[in-house]
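Input: a single structure, listed below in structure tokens.
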Amino acid sequence: MSDQTYTGEVEPGGGSDVRELEHLTITKLAVDPQMSNNCYLLTCRATGESVLVDAAESGDALLGLCDSTLEGVITTHQHWDHHRALAQVVEATGATTYAGEPDADAITDQTGVAVDARLHHGDRIPVGDQVLEVIALAGHTPGSVALLYDDPTGHPHLFTGDSLFPGGVGKTWSDEDFRTLVDEVSTKVFDRLPDETWFYPGHGNDSTIGAERPHLAEWRARGW
């Protein structure tokens with residue numbers, strides 16, 4: 001089964017990596033050699049309906065993963081490298097667009113695409129018969145969101161955008177933003193989720209909450 005062979009190690013221009021859970025398929029694709037953004041297609045295995053996390057670039061490649069059952073595109077935050085293919089994908093599929101409330105206007109200004117659903121902490125997004133829970137994580141941007149899939153027959157899966165990576169939280173531009181992001185990640189992610197939670201960032205390789213938990217104090221102390 002693909003869940004046993006999935007590594008999450010993908011490169012722009014290369015193929016996707018697929019993880020088959022009991023109820024959900026996760027397809028990870030890296031795009032753009034310069035920025036190496038990760039895009040994630042989440043598909044309900046019962047209904048075939050899917051959502052895309054970050055239409056970052058390479059619209060043709062993303063549309064090649066998707067089909068007419070693409071119900072939504074979720075933009076994790078407002079930074080330009082995470083939504084360059086948003087207009088193309090939405091025009092081709094008619095998918096509903098989602099983004100955190102504080103980032104929604106900036107995303108529309110940059111892409112020309114209206115945000116249909118403005119997300120708040122605790123909101124739920126359907127993926128066929130399955131559900132993603134929105135975790136708001138301010139700091140990298142005011143409206144950054146992570147998306148939690150709490151697998152009913154396995155461990156949780158968390159799509160973190162640029163708020164959490166292996167080795168630290170995402171980039172911030174002030175001490176205040178850094179403290180905010182570390183606090184949000186600590187209380188909303190590490191204090192809540194078990195060690196076996198697998199998380200999928202906006203760039204690079206995946207990790208688990210358990211692998212990163214011992215380093216939280218180090219991150220806070222170094223200040224970036």
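Annotation note: GluC sites (Glu not before Pro) in segment 138-224 located in DSSP loop regions with a Cβ neighbour count of at most 11 within 10 Å are Glu196.
The GluC sites (Glu not before Pro) of segment 1-105 meeting both criteria, a DSSP state outside H, G, I, E and B (loop) and at most 13 other C-beta atoms within 10 angstrom of the site's C-beta, are Glu9, Glu22. Exposure proxy shown here: for Tyr149, Tyr6, the number of other Cβ atoms within 10 Å sets the order, fewest to most, as Tyr6, Tyr149.
With each label modelled as a point 7 angstrom along the Cα→C-beta vector, the Glu22-Glu218 pair spans 3.5 nm.
Here the residues Leu216, Leu164, ranked from fewest to most Cβ neighbours within 10 Å of their Cβ, fall in the order Leu216, Leu164.
Against the empirical 2.2 N^0.38 Å scaling, what ratio does the C-alpha Rg of segment 30-144 come to?
Numbers: Rg = 13.1 Å, N = 115, 2.2 N^0.38 = 13.4 Å.
Segment 30-144 yields a ratio of 0.98.
With neighbour counts taken as other beta-carbon atoms within 10 Å, the residues Thr93, Thr180, Thr5 rank, fewest first, as Thr5, Thr180, Thr93.
In a fully extended conformation the segment linking Thr5 and Thr153 would gain 51.4 nm over its present Cα-Cα distance, using 0.36 nm per residue.
Taking 8 Å as the Cα distance limit and 6 or more residues as the minimum spacing, I'd like the relative contact order of segment 143-224 as a percentage.
Working: 121 pairs, mean separation 26.2, N = 82.
Reported as a whole number, the value is 32 percent.
Which percentage, to the nearest 5, of the DSSP beta bridges contained in segment 2-222 is antiparallel? The partial results should precede the final answer.
Values: 33 of 48 bridges.
In segment 2-222, DSSP labels about 70 percent of beta bridges as antiparallel.
Is the C-alpha gyration tensor of segment 1-97 telling us rounded, prolate or oblate? Criteria: a/c under 1.5 is rounded; beyond that, a/b larger than b/c is prolate, otherwise oblate. Can you show the working numbers first?
On the way: a/c = 1.96, a/b = 1.14, b/c = 1.71.
Oblate, since a/c reaches 1.5 and b/c is not below a/b.
The numbers here are math on the coordinates, done by the rules we state, and not lab data. All figures in this text were calculated on a predicted structure; none of them were measured in a lab. Here the Cβ is made from the backbone with ideal geometry for all residues, glycine too, and neighbour counts use every protein chain on show.
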